[in-house]
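A short worksheet on the structure shown next.
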Amino acid sequence: MRARRVEDQGLSPQRLGTILMVVLAVGLAVFGVKESVRAWQMRRDMQSAERELGALRAKQSELTRTVDRLRNDPLYIEKLAREEMGMVREGETVLKFPSQSSPHTPQAPR
């Protein structure tokens, strides 16, 4: 009869310890999953930032080369002046051809 009273009085220390261990394990598992997802997202963000950094470094290198050519390459400056500004040297003849568009532009219906 006495053994039955101990069971009726509540949780035994062994059972309480087991419950606490299960609660602790579940808490750690939830925290671990949450932090694993966070770490994965941070790795993905870091890879994206590294790709962007690589693209920016390539662009910077290209711009550095362009600046160097603008400072030191008169032929490059002449090429840009001819292509982008339509400039010509004195005594050159410029030939302009019609654009490659169709000869008749469609008229809007009346």
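The values are calculated or read from the model by the stated rules, or taken from the named source; none is laboratory data. Treat the numbers as computed from the prediction; the structure is a model and nothing was measured. Cβ coordinates were reconstructed from backbone atoms using ideal geometry, including for glycine residues, and neighbour counts include every protein chain displayed. Note: accessible area is taken over every heavy atom of the protein model, side chains too, but ligands, DNA and RNA are not part of it. Shrake-Rupley method; radii C 1.70, N 1.55, O 1.52, S 1.80 Å.
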Exercise. From the list LEU28, LEU80, LEU53, which residue is of a type in the set (A, V, I, L, M) and open to solvent by 100 Å² or more (accessible area, probe 1.4 Å)?
Worked result: LEU28
Exercise. Among the residues of the stretch 36-45, is there at least one that is in a loop (DSSP other than H, G, I, E, B) and of a type outside the set (Val, Ile, Thr)?
Worked result: no
Problem set entry | Whichever residue in the stretch 34-50 is open to solvent by 100 Å² or more (accessible area, probe 1.4 Å) and among the hydrophobic types (A, V, I, L, M, F, W, C) and, among such residues, is nearest to LEU80 (Cα to Cα) | MET46
Exercise. For the stretch 8-25, which residues satisfy the criterion of being surrounded by 10 or more Cβ atoms within 10 Å (Cβ to Cβ) and at pLDDT below 85?
Worked result: LEU11
Exercise. Out of curiosity, is VAL67 assigned to a helix (DSSP H, G or I) and either aromatic (Phe, Trp, Tyr) or open to solvent by less than 100 Å² (accessible area, probe 1.4 Å) (or both)?
Worked result: yes
Exercise. Are any of the residues in the stretch 89-100 of a type outside the set (Val, Ile, Thr), part of a helix (DSSP H, G or I), modelled with pLDDT under 85 and open to solvent by 100 Å² or more (accessible area, probe 1.4 Å)?
Worked result: no
